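Heads up, the thing below is written out as structure tokens.
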Amino acid sequence: MEWDQTTVEDGIEEWSRADGNATIRLRRRTDGRFAVRLDRLYQADEDRGYAYEVVETREAAEALVDDWQREATADETAE
């Protein structure tokens, strides 16, 4: 399933999955680290619908976004 970048403003980037059931947001914190969150817009019985992680570098944040996009796409296609 495809992901589209839907927001790029004031240090916040957000991607939405094509079906509209998941979003991923990346933002720079005031301490210079990066926060990344995954929000599935429904709760699955077998897994959490929300994840949040803080990482030290932009590169680590982008890698986490890529990983979560792959995982959320795989979860959707497995259902």
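The values are calculated or read from the model by the stated rules, or taken from the named source; none is laboratory data. Not measured: the values here are computed from a predicted model. Note that we place each Cβ from the backbone using ideal geometry, even for glycine, and neighbour counts take in every protein chain shown. Keep in mind that these areas ignore ligands, DNA and RNA; they rest on the heavy atoms of the full protein, side chains included. Shrake-Rupley method; radii C 1.70, N 1.55, O 1.52, S 1.80 Å.
What you get for the chain, charging only the Cβ of Lys and Arg (+1) and of Asp and Glu (-1), is a dipole of about 400 debye around the Cα centre. Computed over the chain, the Cα gyration tensor eigenvalues convert (square root of 5λ each) into semi-axes of 22, 13, 11 Å, ordered from largest to smallest.
Counting 0.36 nm for each residue step from Asp19 to Thr73 and taking away their Cα separation leaves a gain of 18.4 nm. Of the solvent-accessible surface of the chain, computed with a 1.4 Å probe over protein heavy atoms with every protein chain present, carbon and sulfur atoms account for 43 percent. Subtracting the Cα-Cα distance of Ala51 and Glu2 from their residue separation scaled by 0.36 nm leaves 15.7 nm. Considering helices alone, the calculated mean residue ellipticity of the chain at 222 nm is -9000 deg cm²/dmol, with DSSP H runs of length four and up weighted by -39500 (n - 2.57) and normalised per residue. Counting only alpha carbon atoms, the long axis of helix 58-78 and the longest principal axis of the chain meet at about 10°.
Could you order the peptides 66-74, 34-42 from most to least packed, using the average number of other C-beta atoms within 10 Å per residue?
Details: 66-74: 14.8, 34-42: 16.9.
Top to bottom by mean Cβ count within 10 Å: 34-42, 66-74.
Working ranking of peptides 8-16, 57-65, 21-29 by packing, defined as the average number of other Cβ atoms within 10 Å per residue, highest first, is 21-29, 57-65, 8-16.
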